[in-house]
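What follows draws every value from the coordinates through simple rules; no lab data is involved. Note that the structure is predicted; figures quoted are calculated from it, not measured. All Cβ positions, even for glycine, are placed from backbone atoms using ideal geometry, and neighbour counts span all protein chains on display.
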Amino acid sequence: CLVGSLAGCAHEEGIVLSEKDMPPAQTLYERLTADPAPGKTLTGILHVTATVPGGRYTFKIATAARKPDCLRMEDLSVIGLPDFMLTASGTEVRLFLPRTGEFLVGNETSEHVLRIFPPGVKPSDLVALLYGQPPALPHGVKSLKGSVDRNRFRLDVYAGGNWAQSLWVEPGTGRLSRLEVSDGNGRTAWSARMQDFTETGSPAVPGRIDIETEGMGRVRLSLRNAEAEFVDGDNDPDFFLLKPPPK
């Protein structure tokens with residue numbers, strides 16, 4: 001019985017899908033990128049572990065995200081004043097540093113934004129990941145190539161004729177489990193794995209996201225979002241548009 005059960009486990013681990021099992025690439029991509037809760041905001045407390053050259057750090061961040069590109073974050077990892085508050089709406093990013101009183105307005109490539117996010121990862125990318133989805137492409141999808149990679153569906157996404165992303169999808173659930181994002185020159189800039197999906201009403205979102213960047217300054221982030229919840233959209237027009245503090 002033991003030998004039989006072990007053999008069964010090995011067979012399950014090594015299961016290989018057939019090409020005929022894969023849905024059309026366009027259909028699969030549209031399912032992956034559709035808004036699962038239109039008009040709602042995804043909230044949660046991110047427990048972050050960051051491993052960077054020379055150290056390992058932990059943070060706790062209150063987060064709210066709304067598709068396609070709205071994000072609000074507030075550091076909760078210290079007693080007293082938070083280290084930062086940040087909002088992103090479209091490509092505009094606003095950052096307030098309560099300890100120094102600095103209020104900065106920029107975009108996704110501004111220096112002060114790059115200090116908070118891993119190399120190559122933009123605020124809008126994090127919005128997509130929190131939803132368990134691939135980052136949106138700035139110039140739209142030009143072509144898709146579908147294939148089977150052992151026990152997962154794989155989508156290679158091209159934009160402007162160049163490789164942009166590779167996505168691995170669980171066949172049973174249709175959920176994104178892994179992705180790689182191009183640096184624009186045909187190499188991988190960063191990758192992410194998603195697991196521990198939790199039901200939050202109707203849609204399911206990942207309870208854990210692991211992000212890893214490539215290159216000399218490799219960064220590894222582990223994000224745990226066990227308290228994720230969809231709530232009705234905030235009526236405050238400035239919720240995702242941080243205002244300067246009163247003088």
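Using only DSSP helix segments of four residues or longer, with each worth -39500 (n - 2.57), what per-residue ellipticity at 222 nm results for the chain after dividing by its residue count and rounding to 500?
Numbers: 4 runs with 33 residues, N = 247.
So the calculated ellipticity at 222 nm is -3500 deg cm²/dmol.
Need one word for segment 166-246: rounded, prolate or oblate. Basis is the Cα gyration tensor (sqrt eigenvalues a ≥ b ≥ c); a/c below 1.5 gives rounded, then a/b vs b/c decides.
Values: a/c = 2.24, a/b = 1.24, b/c = 1.81.
Here segment 166-246 falls in the oblate category.
Sort 44-50, 103-109, 69-75 for me by packing, meaning the mean count of neighbouring Cβ atoms within 10 Å per residue, highest on top.
Details: 44-50: 17.7, 103-109: 14.3, 69-75: 20.7.
Answer by packing, highest mean first, reads 69-75, 44-50, 103-109.
Between LYS243 and ASP149, what's the calculated FRET efficiency when r is the beta-carbon distance and R0 is 41 Å? Round to 0.05. It would help to have the intermediate numbers written out before the result.
Details: r = 47 Å, r/R0 = 1.14.
According to the calculation, E is roughly 0.30.
On a full-extension model of 0.36 nm per residue, what is the gain between GLU170 and GLU19, subtracting their alpha-carbon distance, rounded to one decimal in nm?
On the way: separation 151, 0.36 × 151 = 54.36 nm, distance 1.41 nm.
Residue separation times 0.36 nm, minus the Cα-Cα distance, leaves 52.9 nm.
Could you run the Karplus curve 6.51 cos²θ - 1.76 cosθ + 1.60 with θ = phi - 60° over segment 143-154 and give me ³J(HN,Hα) per residue in whole Hz, x for Gly and Pro?
The phi angles translate into 7, 10, 10, x, 7, 10, 10, 6, 9, 9, 7, 10 Hz.
Go through PRO24, ILE61, GLY161 and say which Cα lies farthest out towards the positive end of the charge dipole of the chain; charges sit on Cβ, +1 for Lys and Arg, -1 for Asp and Glu.
With unit charges placed on the Cβ atoms, the residue in question is GLY161.
Treat each spin label as a single point 7 Å out from the Cα along the C-beta direction, and report the GLU102 to ASP83 distance in nm.
Between GLU102 and ASP83, the simple spin-label model gives 1.4 nm.
May I ask for the angle, rounded to the nearest 10°, between helix 2-13 and the longest principal axis of the chain, with both axes built from Cα atoms and the value confined to 0 to 90°?
60
Can you list residues from other chains, or at least 5 along the same chain, whose modelled amide H is less than 5 Å from the amide H of VAL219?
THR213
Given 5 Å bins starting at zero, what is the percent of C-alpha pairs of segment 99-238 in each, up to the one with the largest pair distance?
2, 9, 16, 19, 19, 17, 11, 5, 2, 1, 0
So if each residue of separation counts as 0.36 nm, and I subtract the Cα-Cα distance between ARG208 and ALA62, what length gain in nm does that give?
Working: separation 146, 0.36 × 146 = 52.56 nm, distance 1.52 nm.
Stretched out fully, the ARG208 to ALA62 stretch lengthens by 51.0 nm.
Along the three principal axes, how long is the chain when you take its alpha carbons, biggest first, rounded to the nearest angstrom?
70, 46, 41
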